[in-house]
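Worksheet for the structure shown next.
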Amino acid sequence: MNNLVKQSLAGLRVLLVLTVITGVLYPLAVWGVSRVPGLQANAEGSITSRNGQAVGSSLIGVDPVAEDPANDPWFHTRPSALAKDPLGPGDPSSSLGSNKSAVNEDYDAVVAERRTLIARREGVAEDRVPQDAVTASASGLDPQISPAYAELQVARVARVTGLPVDEVRALVADHTTGRGLGVLGDPAVTVLDLNLAVRAAK
Amino acid sequence: MSSTVAGLLQVAVLLAALAVVYRPLGDYMARVFSTAKHTRAEAAVYRVVRVDPDSEQRWGTYAQGVLGFSFVSVVLLYLLQRLQPLLPFDFGRGAVPPGMAFNNAASFVSNTNWQSYVPEVVMGHTVQMVGLTVQNFVSAAVGLAVAMALVRGFIRSKTDRLGNFWVDLVRGTLRILLPMAFLSAIVLIGLGVVMSLRSGVTVVGPDGAEHTIALAPAASQESIKLLGTNGGGIFNANSAHPFENPNSWSNLVEIFLLLVIPVSLTRTFGKLVGNPKQGYVLLGVMGTLWSGMLAVIWWAESTGLRPLEGKETRFGVAGSALFADSTTGTSTGAVNSMHDSYSGLGGGGTLLNMLFGEMTPGGVGTGLYSILVMAIIAMFLAGLMVGRTPEYLGKKLGKREVTAAAVSILAMPTVLLLGVGIALVLPGTSGALNNPGAHGFSEVLYAYASASNNNGSAFAGITVTNDWFQSSLGVCMLLGRFIPIVAVLCLAGSLAAQKKVPESAGTLPTTGPLFATLLGGSVVLVAALTFVPALALGPIAEALL
């Protein structure tokens, strides 16, 4: 037992030294390097500003709310488990998935309601609404949507903003990221950047 | 290009990257743990902490070092969380409640990194850096040290000395984990991972709505979280959060980081025992099971009812399945998608990966020592079949060795099934579940599997903040970690004391397909015999619905 106490005391001394190295010096060194121009913007959250005002992060999806739902000018993000309603903005001060399984009747109803609401908003049949539009992302903050969901919204955004459909479609293409190296992940459309571009084009 | 072809090529890119670093990293780690030289920095550390780096320890002292170090780690991490209001960068988040603080301390010290807390609400930056980041490093280094002690048991003969725990711990931290973590943290920032000392940033969206976006010093923790097969996110959504894993590139880098050390350790092992083929055969078994489970999870998720529920658009199904298979096959437990929303078969696959005992390829160090223990079990079974005293790497496997191996293997299922059994009869459990029926049962099974195997991922819909879950899961993490470690060190001690027996015509070669089949079969067989009844009630029932 004496040996265990002796080893614990040695352990405490080693832990304190390693705490200084890996818990203080190491993170501060990484932070220091992150102040380099070119890294700093990333390190502080890839914030986008317009006229000096921070409007959001390209990496964080928060669903915009239309003043007049009948004249909705925004591209919408995926549903978020952080939101109070089936659709609508989540709170990016936290992050959360729904954690709902595929066999869950209560959740089936939520998904069905989202499909109905989106189909009505876009004026299309329910079976045209893609999967990502009705399912909650893992983070609740997915900044992107599938190209299919963006395409579904093009006609409405063009109509409400008065922009030609082809121009809106071109803006969608501009804000679509392909697969990294041509093979990594899936193609996706960044919603905040796209909305800002649409507003600028108006 | 179809998403299946893209996904397969994505796997190929990952494997190619691992293949490039396999030898240099494996050989480097072998040198780190076998050279007699100390660097200047290390010599200074040994002077400050007053340990003699050149004195070697018996297995009992080595084990007491591990236990003593881990004990003070739990105490210090508990106190840091309880005293959070006194620390800078706490953002008024207050003292972490006692049950949660114990669970977190057990979790990070045991390399589990299970999260019963919402970091954005509970944990300030000081506790993250000075408490959690430190354990991300040292708990991984403890795993490395124990693995190296076991390898020394095989390569040494007629000695009672296994090396010096403090030297192994310091070298693993300073020479392997720290430089790799630093470099990969910078790479991750370059790819968009945040590294901010602010608590958040307020923005006014294009629709005029004001929001606060949480920030954190993520990159420095992200890199070691993956490299050390830890898995605790600095944000609640873990590697699904865009600030921890912003794009398909960072996703690939992160999967690479969580596999690279466990995979390369098979090279280290082969190098140290003097025959790289001994390592390749272990890698072959690990890789076969990893690939098989990847195929199952990927296929199941591609064909599921709601394939994108709980997945991020940028990763897609392939990038999510690859991460899920790798994080549960190593004991990492970071997630880039919510396993709770996986299909019966896909979620069952991630669960089974843990129930294999975390050796495909397993955690940093723990994967290597776990599969070596399983190799002893496999050779014992083979010995029973042919009626010979089993040997492995020139050491006889007698009663003491096989007993230690059996204790090490059986600790996890014992604490796991006891925990699940008790949880199920407690009245509070049904109210803690997020999904009905078989899937609700799976949430409980997954929680105890994750804790007992020191994985840390979750079917995260389950609410585990009541005292029973906080304390029982914490105890499962500690027992699931330290019973096997003590058994493995005891095994190492008794192997080192033997003299080497020369190979004879009757020795079963352990570099060929026969041994690989025997070993892989043992991994699957032990898991199947132990867990099929439990799996039948959860994921199997759900998959058949």
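Might you let me know whether the range B:480-487 holds any residue that is closer than 24 Å to residue B:336 by Cα and either more than 14 Å from the chain's Cα centre (by Cα) or in a helix (DSSP H, G or I) (or both)? Explain how you work it out, then say what you get.
Quick first cut of the range B:480-487, residues closer than 24 Å to residue B:336 by Cα only: none.
Within the range B:480-487, not a single residue is closer than 24 Å to residue B:336 by Cα and either more than 14 Å from the chain's Cα centre (by Cα) or in a helix (DSSP H, G or I) (or both).
Check B:199, B:220, B:239 and return the single one that is within 12 Å of chain A (Cβ to nearest Cβ), under 16 Å from the mean Cα position of the chain (by Cα) and of a type in the set (Gly, Ala, Ser).
On the way: B:199 fails: under 16 Å from the mean Cα position of the chain (by Cα); B:220 fails: under 16 Å from the mean Cα position of the chain (by Cα).
One residue alone meets the criteria, B:239.
Taking the condition more than 14 Å from every other protein chain (Cβ to nearest Cβ), aromatic (Phe, Trp, Tyr) and closer than 23 Å to residue B:443 by Cβ, does residue B:356 pass?
Working: more than 14 Å from every other protein chain (Cβ to nearest Cβ): yes; aromatic (Phe, Trp, Tyr): yes; closer than 23 Å to residue B:443 by Cβ: yes.
So residue B:356 fits the description; yes.
Quick grid of which residues meet (1) assigned to a loop (DSSP other than H, G, I, E, B); (2) free of Cβ contacts under 8 Å to residues at least 12 places away in the same chain:
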position: B:381; (1), (2): no, no
position: B:404; (1), (2): no, no
position: B:418; (1), (2): no, yes
position: B:427; (1), (2): yes, yes
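Does any residue in the range B:300-323 that is within 7 Å of chain A (Cβ to nearest Cβ) come within less than 6 Å, Cβ to Cβ, of a residue that is of a type in the set (D, E, K, R) and outside any helix (DSSP H, G or I) six or more places away or on a different chain, and which pairs are these?
Close Cβ pairs satisfying both conditions: B:312/A:142; B:313/A:142; B:316/A:186.
Would you pick out the residues in the range A:6-20 that are more than 7 Å from chain B (Cβ to nearest Cβ) and at pLDDT 95 or above?
A:9, A:16, A:20
Yes/no matrix, rows are residues, columns are (1) at pLDDT below 95; (2) buried (at least 17 other Cβ atoms within 10 Å of the Cβ); (3) farther than 18 Å from residue B:376 by Cα; (4) not charged (D, E, K, R):
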{"site": "B:498", "(1), (2), (3), (4)": "no, yes, no, yes"}
{"site": "B:509", "(1), (2), (3), (4)": "yes, no, no, yes"}
{"site": "B:518", "(1), (2), (3), (4)": "no, yes, no, yes"}
{"site": "B:535", "(1), (2), (3), (4)": "no, yes, yes, yes"}
{"site": "B:543", "(1), (2), (3), (4)": "yes, yes, yes, yes"}
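Hey, can you tell me all the residues within the range A:172-202 that are assigned to a helix (DSSP H, G or I) and surrounded by fewer than 23 Cβ atoms within 10 Å (Cβ to Cβ)? Give the derivation first.
Our first condition is that a residue be assigned to a helix (DSSP H, G or I); within the range A:172-202, this holds for A:172-174, A:191-201.
Answer for the range A:172-202, where residues must be assigned to a helix (DSSP H, G or I) and surrounded by fewer than 23 Cβ atoms within 10 Å (Cβ to Cβ): A:172, A:173, A:174, A:193, A:196, A:197, A:199, A:200, A:201.
So residue A:7 passes all but one of these: (1) surrounded by fewer than 19 Cβ atoms within 10 Å (Cβ to Cβ); (2) outside the structural domain of residue A:151 (by TED's automatic domain parsing). Which condition number does it fail?
Result: residue A:7 passes all but (1).
Within the range A:1-32, how many residues turn out to be among the aliphatic types (A, V, I, L, M) and farther than 18 Å from residue B:41 by Cβ? Spell out the reasoning first.
Taking the range A:1-32 and keeping what is among the aliphatic types (A, V, I, L, M), we get A:1, A:4-5, A:9-10, A:12, A:14-18, A:20-21, A:24-25, A:28-30.
Next cut, farther than 18 Å from residue B:41 by Cβ only: A:1, A:4-5, A:9-10, A:12, A:30.
Qualifying residue count, the range A:1-32: 7.
Taking the range A:136-182 as the search range and keeping residues that are under 18 Å from the mean Cα position of the chain (by Cα) and hydroxyl-bearing (Ser, Thr, Tyr), which one is nearest to the other protein chains (Cβ to nearest Cβ)?
Per the stated criteria, the residue is A:139.
Name the single residue that is nearest to residue B:288 (Cα to Cα) among those in the range B:11-57 being of a type in the set (Ser, Thr, Tyr) and within 14 Å of another protein chain (Cβ to nearest Cβ). Please lay out each step first, then the result.
Looking only at the range B:11-57, we keep the residues that are of a type in the set (Ser, Thr, Tyr), and these are B:22, B:28, B:34-35, B:39, B:46, B:55.
If we keep only those that are within 14 Å of another protein chain (Cβ to nearest Cβ) too, we end up with B:39, B:46, B:55.
Details: B:39: 39, B:46: 42, B:55: 41 Å.
So the residue we want is B:39.
Considering (1) at pLDDT 95 or above; (2) surrounded by fewer than 24 Cβ atoms within 10 Å (Cβ to Cβ), say which one residue B:327 fails and leave the rest.
(2)
Quick check on residue B:40: is it surrounded by fewer than 20 Cβ atoms within 10 Å (Cβ to Cβ), under 30 Å from residue B:490 (Cα atoms), out of contact with any strand residue (DSSP E or B) (no Cβ under 7 Å at 6 or more places or on another chain) and among the basic types (Lys, Arg)? Steps first, answer last, please.
Values: surrounded by fewer than 20 Cβ atoms within 10 Å (Cβ to Cβ): yes; under 30 Å from residue B:490 (Cα atoms): no; out of contact with any strand residue (DSSP E or B) (no Cβ under 7 Å at 6 or more places or on another chain): yes; among the basic types (Lys, Arg): yes.
Judged against the criteria, residue B:40 is not a match.
Restricting the search to the range B:433-442, which residues are under 26 Å from the mean Cα position of the chain (by Cα) and touching a residue at least 24 places away in the same chain (Cβ under 8 Å)? Before the answer, list the steps.
Filtering the range B:433-442 down to residues under 26 Å from the mean Cα position of the chain (by Cα) leaves B:433-434, B:439-442.
Selection gives B:433, B:434, B:439, B:441, B:442.
Tell me which residues, restricted to the range A:121-134, are surrounded by fewer than 24 Cβ atoms within 10 Å (Cβ to Cβ) and at the interface with chain B (Cβ under 7 Å from one of its Cβ atoms).
Across the range A:121-134, the qualifying residue is only A:131.
Is there a residue in the range A:33-47 that is farther than 18 Å from residue B:136 by Cα, in contact with a strand residue (DSSP E or B) (Cβ under 9 Å, 6 or more places away or on another chain) and more than 7 Å from chain B (Cβ to nearest Cβ)? Working first, answer last.
Here is the first cut: in the range A:33-47, the residues farther than 18 Å from residue B:136 by Cα are A:33-47.
Next, from what is left, pick out any that are in contact with a strand residue (DSSP E or B) (Cβ under 9 Å, 6 or more places away or on another chain): A:41, A:44-47.
Filter again for more than 7 Å from chain B (Cβ to nearest Cβ), leaving A:41.
Scanning the range A:33-47 turns up at least one residue that is farther than 18 Å from residue B:136 by Cα, in contact with a strand residue (DSSP E or B) (Cβ under 9 Å, 6 or more places away or on another chain) and more than 7 Å from chain B (Cβ to nearest Cβ).
For the structure I just gave you, tell me whether residue A:91 is at pLDDT below 95, under 22 Å from the mean Cα position of the chain (by Cα), part of a loop (DSSP other than H, G, I, E, B) and not hydrophobic (A, V, I, L, M, F, W, C). Lay out the reasoning, then the answer.
Details: at pLDDT below 95: no; under 22 Å from the mean Cα position of the chain (by Cα): yes; part of a loop (DSSP other than H, G, I, E, B): yes; not hydrophobic (A, V, I, L, M, F, W, C): yes.
No: the conditions fail for residue A:91.
Return the residue satisfying two criteria in turn: it lies in the range B:489-518 and is part of a helix (DSSP H, G or I) and out of contact with any Gly (no Cβ under 9 Å at 6 or more places or on another chain), and of such residues it is nearest to residue B:153 (Cα to Cα). Full working, then the answer.
Taking the range B:489-518 first, the residues part of a helix (DSSP H, G or I) are B:489-497, B:513-518.
With out of contact with any Gly (no Cβ under 9 Å at 6 or more places or on another chain) added as a condition, the list becomes B:514-515, B:517-518.
Working: B:514: 24, B:515: 21, B:517: 25, B:518: 22 Å.
For the range B:489-518, the residue satisfying everything is B:515.
Any residue at all in the range B:463-477 that's touching a helix residue (DSSP H, G or I) at 6+ places or on another chain (Cβ under 8 Å), within 14 Å of chain A (Cβ to nearest Cβ) and on the phi < 0 side of the Ramachandran plot? Before the answer, list the steps.
Of the residues in the range B:463-477, the ones touching a helix residue (DSSP H, G or I) at 6+ places or on another chain (Cβ under 8 Å) are B:463-477.
Of the ones still in play, those that are also within 14 Å of chain A (Cβ to nearest Cβ) are B:463-464.
Cutting the leftovers down to on the phi < 0 side of the Ramachandran plot gives us B:463-464.
Yes, the range B:463-477 has at least one match.
For residue A:17, only one of the following conditions fails: (1) over 30 Å from residue A:122 (Cβ atoms); (2) in the same structural domain as residue A:133 (by TED's automatic domain parsing); (3) not basic (Lys, Arg). What is its number?
That leaves (2) as the condition not met.
Could you look through the range B:131-167, keep only residues that are among the basic types (Lys, Arg) and either farther than 13 Å from residue B:59 by Cβ or in a loop (DSSP other than H, G, I, E, B) (or both), and pick out the one that is farthest from the chain's Cα centre (by Cα)?
Initially, the range B:131-167 is screened for residues among the basic types (Lys, Arg), giving B:152, B:156, B:158, B:161.
So of that shortlist, the ones also either farther than 13 Å from residue B:59 by Cβ or in a loop (DSSP other than H, G, I, E, B) (or both) come out as B:156, B:158, B:161.
Numbers: B:156: 28, B:158: 33, B:161: 27 Å.
Per the criteria, the residue is B:158.
The values are calculated or read from the model by the stated rules, or taken from the named source; none is laboratory data. Note that the structure is predicted; figures quoted are calculated from it, not measured. Because the Cβ atoms are built from the backbone with ideal geometry, glycine has one as well, and the counts that use them run over all protein chains shown.
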